[in-house]
1. For region A:228-247, what are the residues that are over 28 Å from residue A:159 (Cα atoms), at pLDDT below 90 and out of contact with any Cys (no Cβ under 7 Å at 6 or more places or on another chain)?
2. Six or more apart or on different chains, Cβ under 7 Å: which pairs go from a residue in region D:284-307 that's acidic (Asp, Glu) to one that's assigned to a strand (DSSP E or B)? Could you list them?
3. Only residues in region A:106-117 that are farther than 19 Å from residue A:83 by Cα count as the first member; pair them with residues that are part of a loop (DSSP other than H, G, I, E, B) and open to solvent by 10 Å² or more (accessible area, probe 1.4 Å), Cβ under 8 angstrom, at least 6 apart or cross-chain, and list the lot.
4. Please work out which one of (1) more than 9 Å from chain C (Cβ to nearest Cβ); (2) part of a helix (DSSP H, G or I) is the condition residue D:195 fails and give its number.
5. Please go through region A:18-51 and pick out each residue that is part of a loop (DSSP other than H, G, I, E, B) and touching a residue at least 60 places away in the same chain (Cβ under 8 Å).
6. Which numbered condition in (1) touching a helix residue (DSSP H, G or I) at 6+ places or on another chain (Cβ under 9 Å); (2) at pLDDT below 90; (3) farther than 28 Å from residue D:193 by Cβ is the only one that residue D:117 fails?
7. Could we say that residue B:291 is over 28 Å from residue B:188 (Cβ atoms), open to solvent by 20 Å² or more (accessible area, probe 1.4 Å) and facing chain A (nearest Cβ under 8 Å) here?
8. How many residues are within 9 Å of another protein chain (Cβ to nearest Cβ) and in contact with a Lys or Arg (Cβ under 9 Å, 6 or more places away or on another chain) when one looks only at region C:33-50?
4 protein chains.
Amino acid sequence: MPKKIRLGILGGGGDSLIGVLHRVAAFINDNYEIVGAVFSPEYDESLAFAKQIDLPIDRIYKDFDTLIEEELKLPEDERMEVCSVQTPNFLHYPMAKKLLDNGFHVICEKPMTMTYEEAKSLQASHKASGKVFALTHTYTGYPMVRQMRQMIKEGELGKIHKVDARYYQGWINPIIHDKEKRSSVWRLDPTKAGISSCMGDIGVHAFNMLEFTTGLKVKSLLCDFNYMYDDNVMDVDGTVLVRMDEHVKGVIRASQVATGEENGLAIRIYGEKGGFVWEQEDPNFLYFFSEGKPLQVYKPGHPYNSKISLEGTKLPPGHPEGIFDSMANIYLGAAKAIRGEAYDDCEFPTMEDGVRGMNFIEGTVHSHKQGNVWIDLD
Amino acid sequence: MPKKIRLGILGGGGDSLIGVLHRVAAFINDNYEIVGAVFSPEYDESLAFAKQIDLPIDRIYKDFDTLIEEELKLPEDERMEVCSVQTPNFLHYPMAKKLLDNGFHVICEKPMTMTYEEAKSLQASHKASGKVFALTHTYTGYPMVRQMRQMIKEGELGKIHKVDARYYQGWINPIIHDKEKRSSVWRLDPTKAGISSCMGDIGVHAFNMLEFTTGLKVKSLLCDFNYMYDDNVMDVDGTVLVRMDEHVKGVIRASQVATGEENGLAIRIYGEKGGFVWEQEDPNFLYFFSEGKPLQVYKPGHPYNSKISLEGTKLPPGHPEGIFDSMANIYLGAAKAIRGEAYDDCEFPTMEDGVRGMNFIEGTVHSHKQGNVWIDLD
Amino acid sequence: MPKKIRLGILGGGGDSLIGVLHRVAAFINDNYEIVGAVFSPEYDESLAFAKQIDLPIDRIYKDFDTLIEEELKLPEDERMEVCSVQTPNFLHYPMAKKLLDNGFHVICEKPMTMTYEEAKSLQASHKASGKVFALTHTYTGYPMVRQMRQMIKEGELGKIHKVDARYYQGWINPIIHDKEKRSSVWRLDPTKAGISSCMGDIGVHAFNMLEFTTGLKVKSLLCDFNYMYDDNVMDVDGTVLVRMDEHVKGVIRASQVATGEENGLAIRIYGEKGGFVWEQEDPNFLYFFSEGKPLQVYKPGHPYNSKISLEGTKLPPGHPEGIFDSMANIYLGAAKAIRGEAYDDCEFPTMEDGVRGMNFIEGTVHSHKQGNVWIDLD
Amino acid sequence: MPKKIRLGILGGGGDSLIGVLHRVAAFINDNYEIVGAVFSPEYDESLAFAKQIDLPIDRIYKDFDTLIEEELKLPEDERMEVCSVQTPNFLHYPMAKKLLDNGFHVICEKPMTMTYEEAKSLQASHKASGKVFALTHTYTGYPMVRQMRQMIKEGELGKIHKVDARYYQGWINPIIHDKEKRSSVWRLDPTKAGISSCMGDIGVHAFNMLEFTTGLKVKSLLCDFNYMYDDNVMDVDGTVLVRMDEHVKGVIRASQVATGEENGLAIRIYGEKGGFVWEQEDPNFLYFFSEGKPLQVYKPGHPYNSKISLEGTKLPPGHPEGIFDSMANIYLGAAKAIRGEAYDDCEFPTMEDGVRGMNFIEGTVHSHKQGNVWIDLD
């Protein structure tokens, strides 16, 4: 039975929700132990947080560069093996790059980078390093998402011809209509949040899910954003026409002004033999249409599911498992990779997903800015 | 208490589903009596059908022109007051026009005409006639659709900023992949079905619903069709970006290859203060988001509903009322208009809806054919 | 093609909801024409209502006895063939009995009679008459209820072992807590409403549905009522343990104080090989569990459904059909029987259903009153 | 900021699902550290499992008695503070009792004991000890269950008058019909599983939920079991009539032969002003009826929720949180109690819940065995 993986944490201290999610996910399958961290840019806060969660403080470093420097001094079988990057968006790229360049595996929050250019640069570092890079597109960890992917792969839908993904939230609605607020929130400031708000934050999840589940690549897109107010320069809503090829078309819809919506990610995929519908807010129900037959509802934990779906289910059918589990499944996949064990390529999102995501985000911005023209993806 | 309205029927004989729907709808609120008809192009069949449904045969005419001629000979208080046009699509325009030109009210199935040009011509006849013209966009008759419209009108959503309509069916999937079938079915033959298959048949309902519920007009659109095969010239799937104005945007999605979908019409509308979600296959549930409050579910027949919604509900809450009722509500509205009584302008779709519908359908075709460019609507 | 059936109506005039429902249902499948009626105990009102719905008034009679007398004078091929009894509960028995005794077919609202004794007496008249007697347990007309029954009959659930029916309404809640109101409403007055309020009005539907769908008979029951207040003598809530045999058990739950519930009739049936769940407020969705397989969702109108289910569906899949259709399906079944055509024994509820219903209602009262003991049904 | 609580584990090693659930739950809110354990009756397996999950092995004891003995030798600030009992049912009582008698806090899986007599004895030890005893009725940890309880407490339903709980599973269906299997499975052997199978395992959860949410106590019950086969002596299905007082009645339904059901726990509670519906398989949706108003759907994480509900929610609205979180919430409550901090009495189920549960289970057996008579609870 394997030793636990030595994990370092960057960011995620204090009240960070993403920090909780990552620590729990790392814990759930008994694969990781946290050995060191920089939880916060303030050393004091980092130390305090370590004490709060009962970690030894000898490897709580004053900053990221020190962490790299000191860890490299340790013998290889004590050294951090993998670092989880949970810092603000603009730090993802420099940290992930330096980690890979110095021989660490990386688990990285999304968006992977701020620009497509950075993404390609990080991809180069990744290739050169030979290390594992896992991008936490959390939703791909849901057992029924993995089941959907597996069934498509096995031909249950036949040739795919139509895809449709929605990611509707309403959280920015109370902000966008208030001039004061919309000019001060960091999410609408391109220097802090990157090139896109709505498409960069959530549209890219919808994009990733379409590619993840179908195994197809988006070849071109055409996008229309809504900024809502003339003095706002960041998209808070957008619709993207996509073409996977000439006869496989679809749409990605994302919004932060869909008032009342919470985390409304939903996927519809249709092919010659059938179709799938899945919604993130009810993640244990996978709706499977099969031409001419009654709708079937797949649920986690049943023997009729695929191996990879079952592996991500810890409880008997009927016990809802939440997003913690989904994240934990990704950590589990990464753990297998880190240990050099066999793993299915759906088990964690990779560098390539990150690169494609940045390609997508920039594509939407270009399409919109150039008057809603078609943009080809690489 | 009013006399029943003298109704004539064109088409709708034999096994016609639309015929049943119209007759039942005309019956439900005790407002119409059928006095004459041309049920079929074959006189024999027309007579036989009249006997089958126990109608007197003295006003079953051998063809449409004879019907007009003979009815005009009758004294005004015996003459057909209104004709319901349920014939194949290409006959809607000539019949409706001749009826209006000869002083008859008209209830007309959709699509109103084959082209936008015909639509404008019919509009001119309508204006000159002073008669009622009701277009059976059936879905506007649902009590909860009317409730949604009324609440938007009263400002419950505040300023609208996002609209999204879906109409997904899968019925053409078994046809489209078979070369033999797809080249012979009339729905994919432009000379019989008009300029568009998917957008003309169902996309236009989604379009109509967005305008009906919001009270806003689509100003421009950009469309992408999927023909699925190079030898097919009719759209079987399409996505339309719409702009109601610069800051009110949305999307209309329609498909006949969404395998497994039945009659999946769904509407999402979001505004500054709240949002609505409604789905045709569960028409008695209207989901109302209100910023910061729990989701509310409106159902028909409760005193909290608006007058116009309640008038369209005949049974106590909890008794599902179906599409027959929805159609009946439209007939009821038309009956009020025919009798010169007061009615709410949501009670039946009008000529203007028909004109806009044709404008929309042709716009989608133009947008797609010109390489997915924006088309302004009149 | 058959002549329409000559139908008489008793009750159902004015604003009567049940009247609308019956007339529409009679109309929907083109099988009936209304030839005469006593719509109201007041002759004037009866005549006025006939005019309102555009019926000839020559066979609108001043009272029920006159109707019988005058109709019997008519030649057989003009005489009313069937009468639909929609009067207050206490008139069902005497009217239905006299109709049967005089050679008329009968369509009768429920409850069939006021007592089990009356029910058995009516049953005797029915047997002697050789006429059709249809009891409008409306919910058995739903296509998916018929589908459920057919699949159980064909062994899809294997041996049944568990049944569960719920019928929850909340309408009496605003009345029951108000002493004034609860002592004056006729539904809580045993001289007007019969032996039971909740169980007699709605529990009996749940009971009927269990027997209808499973084909099994309830052999004994044990019941507990809730009167809510000491000064109230009619049940407004009750739970009934039922045994179909020693190893097939279940429960019927009915309430009029389930605050907020509308018309919450729901059925759950489980057997060795699978289970069914169906809810009246979403009548087009039939949930079918099959041991070890994903849940399947049956919907009306698909070729995978049984013949009898399909015959009750007039529109393509995805168009919700409401209770009007359900009632119309029952009229259709009765029409077949009246015409002497072949029909499936699920097509309309019969005398036997009425007798069993009264047996059930009285059984619940006895069980409760005797201290929640088991009562055997005949 | 507080030190982590020193936790010992009894049972839960190897592939135990309940073991995973408890460890994750203990981890989630950063309140516990595992300091020692007896994971298995086999010392070797216990040690191996400790290594597998990367625990130090110095406090992995060879058996329970040794654990007590050795821990008591440690200084108080190193000693285990609390033990989590996850062993087979018949060990719950002796272990919990000895732990309490020796001054340890206890977290205990359900059923708390094998008999009501044991339960009362344990209650006495608990009182004498002054220690915390938390019973893991997991479902009470769901944020929306806590919200429901809070709203009832604040009078949102007015006076409660009707309760209804269902817990339907189908897992024993493939076993019960096979003579070989049903005579050998431990769950149907009273010497191993206790006095009741279905009611003891799941019915008691339904019972607990009714008392937890309403704040009322069940005063008497009447029960009917189904054994399905004459050679089986353990209930696999049962219905329980309950009375909270003369005018507050309800029903608890539990089944292990509801074929196809997974973990179908559902609660319906109705009062003078409104009602609640909640289902465990969709735990983030709480349906709130309010007399005369549209149904409202409460979801976790919104400011409109109560403090105690919000404290149990770690992620923004729309992120489903699963049963791990629910369990974690209970651990969190227990942690507060152990540390002597203030906590709400809904935060973890207590000794009293355990005692009442055993009282309930034995009551159902007595009622059934004595011919379905009413049994009063203490």
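The values are calculated or read from the model by the stated rules, or taken from the named source; none is laboratory data. Being a predicted model, the structure only gives us computed values, none of them experimental. As a convention, Cβ positions derive from the backbone with ideal geometry for all residues, glycine included, and neighbour counts pool all protein chains shown. Surface accessibility is based on the protein's heavy atoms, side chains included, excluding ligands, DNA and RNA. Shrake-Rupley method; radii C 1.70, N 1.55, O 1.52, S 1.80 Å.
1. Matches in region A:228-247: A:233, A:234.
2. D:291/D:274
3. From region A:106-117, the pairs are A:114/A:195; A:115/A:195.
4. So the condition that residue D:195 fails would be (2).
5. Within region A:18-51, A:29, A:31 meet the criteria.
6. Here residue D:117 clears every test but (3).
7. Answer is yes for this residue.
8. Selection size over region C:33-50: 1.
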